[in-house]
1. Could you check the stretch B:349-363 and list, in sequence order, the residues that are surrounded by fewer than 19 Cβ atoms within 10 Å (Cβ to Cβ) and part of a helix (DSSP H, G or I)?
2. Can you confirm whether the stretch A:304-316 contains a residue that is of a type in the set (Phe, Trp, Tyr) and closer than 26 Å to residue A:182 by Cβ?
3. Having 2 or more residues that are open to solvent by less than 60 Å² (accessible area, probe 1.4 Å), within 10 Å of chain B (Cβ to nearest Cβ) and within 22 Å of residue A:257 (Cα to Cα) is the bar; report the strands (runs of 3 or more DSSP E) wholly within the stretch A:269-359 that clear it.
4. When residue B:39 is evaluated against the numbered criteria (1) facing another protein chain (nearest Cβ under 10 Å); (2) under 18 Å from residue A:231 (Cβ atoms); (3) buried (at least 18 other Cβ atoms within 10 Å of the Cβ); (4) touching a residue at least 24 places away in the same chain (Cβ under 8 Å), which criterion, by number, is the only one it fails?
5. Where the second residue is part of a helix (DSSP H, G or I) and the first is of a type in the set (D, E, K, R) and lies in the stretch A:310-331, which pairs have Cβ atoms under 7 Å and are six or more apart or on separate chains?
6. Do you know which residues across the stretch B:111-141 are aliphatic (A, V, I, L, M) and part of a strand (DSSP E or B)?
7. Could you tell me whether the stretch B:63-77 includes any residue that is facing chain A (nearest Cβ under 7 Å), touching a Pro at 6+ places or on another chain (Cβ under 8 Å) and within 24 Å of residue B:145 (Cβ to Cβ)?
8. Only one of (1) over 28 Å from residue A:233 (Cβ atoms); (2) in contact with a helix residue (DSSP H, G or I) (Cβ under 6 Å, 6 or more places away or on another chain) is not met by residue A:184, so which one is it?
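The values are calculated or read from the model by the stated rules, or taken from the named source; none is laboratory data. Since this is a predicted model, take the numbers as computed values, not measurements. Neighbour counts run over all protein chains shown; Cβ positions are idealised from the backbone, glycine included. Just the protein is used for accessible areas: all its heavy atoms, side chains included, with ligands, DNA and RNA removed. Shrake-Rupley method; radii C 1.70, N 1.55, O 1.52, S 1.80 Å.
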Amino acid sequence: MNPYTHNPGQDSRSWTFQICSRNRVCIILLMFVLASPAAAALSDRSLLIAVTDAETGSGLAAASVYIDGRFAGETSAADIPGTLRTDDPQQGSHMIRITAPGYQSLSKKVIFPDESVVRIGLTRNHLVSLNPENKNPHTISIIFIPSSTYYRTSDNSKVRTDTYSGNETRLREDVTRVISAVFNNLDRVTDPAEPLPADFRDRFTFYYYFDPALTADAFSGCAGFVPPDYWNSVTFSDLTIILYPRYEGWYTNASSQPVGCFMNSGTGHSQLKIPADRDLLFLHEIGHGLFGLVDTYCGETDYFQNDPYPNVWSTLDACRAGATADNRDPSRCRRIEQDVPDSISCRKNFWSWDPDPDLMKTTNSGTFGRASTERIAYILTRSGMGSP
Amino acid sequence: MIADRLVHCCIILLIIACFIMPVAAVPGPADYEKSLQIRLGYLDGKYSLLSQEIIYGKSPNLAILSGPFRGVITDSRGSEIMTFSLMDPGIAAGESVTGPSGTDFVPYTERRSAGEMSLVLPFTQEMQTVSLFDTGTGSLLVSADIQPAYTLFCLDYPFDPDCTARAVARTTTGTAPDIRQLLVIVFLESILVAGVILSLTTRRKAGQPLPAVQQTVLVVDDSPDIIEIVSYALTRKGYHCVAASGGQECLDFLVVQKPDVILLDIVMEPLDGWSTLRQIKKNPETKSIPVLMLTANKLTAQDARHYHICIEDYIRKPFREEELSAAIEQILARKKVLRESLAIARKAGVDKEKFCQLAALSTRVSVDRKIISILEKPDEEMLAAGKTDPEKMEVISELIQNTRSKEVQMEELKSEIHQAFMKKGFVPPSW
């Protein structure tokens, strides 16, 4: 008995199976028929993915294409640049993800075969790496975003400025100078008795984010405002620094906005604002924002014992015990207090050890004391561990 | 026979040695790094989960964080797999400077009693729960089960390595297998891998393209020819086919692997298709696998009465290739819609039991209608003999009644669930 019969009027795939028993010849014959060029032609369905630069429209070669989460290949550099053909995908919806160096990755849902040609335009990444040569896998990622405002104390008002948002070169120059004066100089403003890791400069990766259409506002709230879209493109940010060009004048009254401010709204959402021209204040603020140091001046700020390796303790005994354990003189532990002229005396139930002038206490001079340095060294060392 | 199998094993091992190892050693450009993003809201010291999502991208360096809050990530057994510290999100601490040359600080502190915070964490497969504690008071502030986010992510990216690993982990969880079971698993997995490699090699040789998505179909039939023909036809359609030559072999196979669909022949010895079906549906681990009955025999009224609730479809031999693949596609599409809609239903706050009840009713109604149409077809032998089949008429009537009552239940549930979807701005699924 013939194992299968061909129904006239139907295509080559419309075979009716008549099952015969143990006839291998039938199977072989069937395979030949089904694998015939005609059958192959009928099943030749493919999905063409064309990746372009959204701005210029030119094809992007070497973009990585993922279909439903699986790497499907890179777009071509030859033939039709920026394309990738994937053959015989299953019918239905597919999630296509494209990544390309220097561009923002993009995911798009397509329905095949309704959409057999998919064009995807990638937008250039607004994030510029300042030390791309640093291949250290576990670093502290610091991203500068320009503010479109600065502050003037003469009339206590924020002023719009395009100093950075309209001038990428100026932004880059100021960011580069700050990195050099502040971050690369950490060994000069810390206590040599507690040496920092020798490669501490390689423990940072620096970026700036430049998109004239998306800038921060340093004077919207204490720590400034960063548009939500920014956070989506910098999920790895350890510290975002809102840089503004200057703070004109000195504090005059309670309505003045702060010069620098730090806020942590969760992991990946730490932000501080700072002017580009006050390096010591910059160090004080990264003392908070990066190294978790607590103020040692007396005032209405937030105090807590910042274990481990604190620079502020909640009891005198704890301060002395810490000092003894670290071979520091326990008698140097002192209460955070200050006599404010013409006002009531300020006195807190917290203690510090670092000698004056302490960068966490004063703004015009000083260094990080030994207790603070120990914490800075601890954080820098831990940065190499990645996620705990 | 044994010699043949030995030769096959050797070929498989050779293929694995020759092809897999070098391929696995070549570093690819693929980047699958992901982060878990949790959005929390806080109000007067109380925290609540607003949303959670797994996205592709890098995460911050948790090792450098400090502060009075402690985040703890645990696995499914409750063991800590990662901890981190962070600051109170309601406090922004800043300074102004004063004095003749700006020597003194003037503190500026902003305290917010309400707001939002985000946790961006490196995603790993083992993650089950993320909890946030206040170390000052020792109290638990909020806890989030990340499995819904994982499920949603895998709906969009089913072939991401973390999703395929999850699927494998789910099919192999349960009691620890003994050495014999492990050997069976290793052997079957080798066969599967070799099958895939063979399929790839054959396709490459033939200049044919690779399918983007493959779902596994277990073909159970005691006729090797049928297995071969069906497997060939389905492989051409992009399915991955595995075979069992009898009911018991099918049940043994299901211990180590869960296919997406089972094609089950009815007439088999010693364990027939209906008995195998009963075993499959009795086992909680396999009862949700859709089963499509495949037989040369007519569907009897008795079988329809007993088994209609256990099957997803019924196909009679001889069948056309399109008929078979259309039936499988429909089953898988139904399964996919259910999976996707269930994830959205959770988001919409729809009661899971109600949703699953509606999905089950929808499947039953659709299958029963098909069974009714099969039974309603005139039986030529009976017609020729001028006889009627009272049992058949009775079963048809029962099924029609049953289906109508299910349709009423369906309408009620549908209206309730649709309202919940619409309320949250989601498009209700089509049933």
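1. Here is the first cut: in the stretch B:349-363, the ones surrounded by fewer than 19 Cβ atoms within 10 Å (Cβ to Cβ) are B:349, B:351-354, B:356-357, B:360, B:363.
Passing the criteria: B:352, B:353, B:354, B:356, B:357, B:360, B:363.
2. Initial filter on the stretch A:304-316 (of a type in the set (Phe, Trp, Tyr)): A:304, A:309, A:313.
When the remaining residues are screened for being closer than 26 Å to residue A:182 by Cβ, the result is A:304, A:309.
Yes: the stretch A:304-316 contains one or more residues that are of a type in the set (Phe, Trp, Tyr) and closer than 26 Å to residue A:182 by Cβ.
3. Numbers: elements: A:270-275, A:334-338, A:346-352.
Passing ranges, in order: A:270-275.
4. Unmet condition: (3).
5. From residues that are of a type in the set (D, E, K, R), the pairs are A:320/A:330; A:326/A:374; A:328/A:370; A:329/A:323.
6. B:114, B:117, B:119, B:120, B:121, B:130, B:132, B:140, B:141
7. Within the stretch B:63-77 (the criterion being facing chain A (nearest Cβ under 7 Å), touching a Pro at 6+ places or on another chain (Cβ under 8 Å) and within 24 Å of residue B:145 (Cβ to Cβ)), the answer is no, since none of the residues qualifies.
8. Evaluating residue A:184 over (1) over 28 Å from residue A:233 (Cβ atoms); (2) in contact with a helix residue (DSSP H, G or I) (Cβ under 6 Å, 6 or more places away or on another chain) leaves (1) as the failure.
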